[in-house]
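*Asks:* Handing you a structure now.
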Amino acid sequence: MMGRTIFIDPGRCIGCQACVSACRECDSHRGKSMIHLDYTDPGQSVASLPTVCMHCEDPVAPCAEVCPADAILVTADGVVQQADTTRCIGCANCVNACPFGVPKIDLQAKLQMKCNLCYDRTAYGLAPMCATVCPTGALFYGTLEELQAERPGVQVADSFAFGDVVVSTGVAMVVPADKVQWPVPGGLPVVEVNGVDVR
């Protein structure tokens, strides 16, 4: 199925923001976090969800496809890079094209900012910063086989439906086995907290 990647397990996220802090420490981000922690139902639930770039594979990175400056490159191993600072014009086309709402524009710098899977680390076999510090394993870096060995019976999704369009991704989401439907409906993923669907 897929090689080493991030698997997001929303049911394990406790909202501690360790991933956000670790991402901010990366030298290439200049003190800004490329991961977002979203709260699925603010004021009603403490359920949270780490949001990283899903590294879309099919169609190939909508953010890169709409970039008029060719600032967003996709590596040979499928990692969708953050915009090249020498080419990005801050137009926000990528923000509007991303079905997952990942890229953000730094208005002051007029640059696109997004997760690049810590390519400076993962290219050398190291885990992304966010996955190394996650205390609950909500962000797991490895192969599907490694994840299944650690969490027997786990189901993952890497295809998400947005209306009639299905987007296949390089990053996968852990989904409850009894709620699996393929592809997973886009927008908020299937999320359970203590057995209650909080979607």
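The values are calculated or read from the model by the stated rules, or taken from the named source; none is laboratory data. Since the structure is predicted, the reported quantities are computational estimates derived from the model, not experimental observations. In this analysis, Cβ positions are derived from the backbone assuming ideal geometry, glycine residues included, and neighbour counts consider all displayed protein chains. Keep in mind that these areas ignore ligands, DNA and RNA; they rest on the heavy atoms of the full protein, side chains included. Shrake-Rupley method; radii C 1.70, N 1.55, O 1.52, S 1.80 Å.
*Asks:* From the residues in the stretch 56-84 that are among the charged types (D, E, K, R) and farther than 16 Å from SER168 by Cα, which one is modelled with the lowest pLDDT? Spell out how you get there, then give the answer.
*Replies:* Here is the first cut: in the stretch 56-84, the residues among the charged types (D, E, K, R) are 57-58, 65, 70, 77, 84.
Remaining after also requiring farther than 16 Å from SER168 by Cα: 70, 84.
On the way: ASP70: 95, ASP84: 92.
Within the stretch 56-84, the match that is modelled with the lowest pLDDT is ASP84.
*Asks:* Another question, if that's okay. When residues of the stretch 101-124 are filtered for being in contact (Cβ under 8 Å) with a residue 40 or more places away in the chain and at positive phi, how many remain?
*Replies:* Here the count works out to 3.
*Asks:* Also: For the stretch 59-72, what are the residues that are closer than 30 Å to GLY11 by Cβ, buried (at least 18 other Cβ atoms within 10 Å of the Cβ) and in contact (Cβ under 8 Å) with a residue 24 or more places away in the chain?
*Replies:* PRO62, CYS63
*Asks:* Do you know which residues across the stretch 40-58 are over 27 Å from ASP164 (Cα atoms) and touching a residue at least 24 places away in the same chain (Cβ under 8 Å)? It would help to see each step written out before you state the result.
*Replies:* Quick first cut of the stretch 40-58, residues over 27 Å from ASP164 (Cα atoms) only: 42-48.
Those that are over 27 Å from ASP164 (Cα atoms) and touching a residue at least 24 places away in the same chain (Cβ under 8 Å): SER45, VAL46, ALA47, SER48.
*Asks:* Further question on the same structure: Of the residues in the stretch 73-82, how many are open to solvent by less than 60 Å² (accessible area, probe 1.4 Å) and over 16 Å from the mean Cα position of the chain (by Cα)?
*Replies:* Residues that pass the stated criteria total 1.
*Asks:* Taking the stretch 169-180 on its own, how many of its residues are surrounded by fewer than 15 Cβ atoms within 10 Å (Cβ to Cβ) and within 16 Å of the chain's Cα centre (by Cα)? Full working, then the answer.
*Replies:* Within the stretch 169-180, the first condition is being surrounded by fewer than 15 Cβ atoms within 10 Å (Cβ to Cβ), and the residues that meet it are 177-180.
So of that shortlist, the ones also within 16 Å of the chain's Cα centre (by Cα) come out as none.
Going through the stretch 169-180 one residue at a time, the tally reaches 0.
*Asks:* Determine if the stretch 32-55 includes at least one residue that is open to solvent by less than 20 Å² (accessible area, probe 1.4 Å), within 24 Å of SER168 (Cβ to Cβ) and among the small types (Gly, Ala, Ser).
*Replies:* Within the stretch 32-55 (the criterion being open to solvent by less than 20 Å² (accessible area, probe 1.4 Å), within 24 Å of SER168 (Cβ to Cβ) and among the small types (Gly, Ala, Ser)), the answer is no, since none of the residues qualifies.
*Asks:* Got a number for residues in the stretch 3-35 being within 16 Å of MET54 (Cα to Cα), of a type in the set (A, V, I, L, M, F, W, C) and in a loop (DSSP other than H, G, I, E, B)?
*Replies:* 2
*Asks:* Further question: Working only within the stretch 149-199, note down all residues that are at pLDDT 60 or above, assigned to a strand (DSSP E or B), of a type outside the set (A, V, I, L, M) and touching a helix residue (DSSP H, G or I) at 6+ places or on another chain (Cβ under 8 Å).
*Replies:* Residues of the stretch 149-199 that are at pLDDT 60 or above, as a first pass: 149-186.
Keeping just the survivors that are assigned to a strand (DSSP E or B) gives 155-162, 165-175, 184-185.
With of a type outside the set (A, V, I, L, M) added as a condition, the list becomes 155, 158-160, 162, 168-170, 185.
Result: GLN155, single match.
*Asks:* Within the stretch 4-29, track down each residue that is aliphatic (A, V, I, L, M) and open to solvent by less than 50 Å² (accessible area, probe 1.4 Å).
*Replies:* As a first pass, look at the stretch 4-29 and keep what is aliphatic (A, V, I, L, M): 6, 8, 14, 18, 20, 22.
Residues satisfying the conditions are ILE6, ILE8, ALA18, VAL20, ALA22.
*Asks:* Kindly list the number of the only condition in (1) open to solvent by 30 Å² or more (accessible area, probe 1.4 Å); (2) not in a helix (DSSP H, G or I) that fails for PHE140.
*Replies:* Only one criterion in (1) open to solvent by 30 Å² or more (accessible area, probe 1.4 Å); (2) not in a helix (DSSP H, G or I) is unmet by PHE140, namely (1).
*Asks:* Moving on to the next point. Which residues, counting only those in the stretch 100-137, are under 22 Å from GLU57 (Cα atoms), in a helix (DSSP H, G or I) and not hydroxyl-bearing (Ser, Thr, Tyr)?
*Replies:* Result: ASP120, ARG121, CYS130, ALA131.
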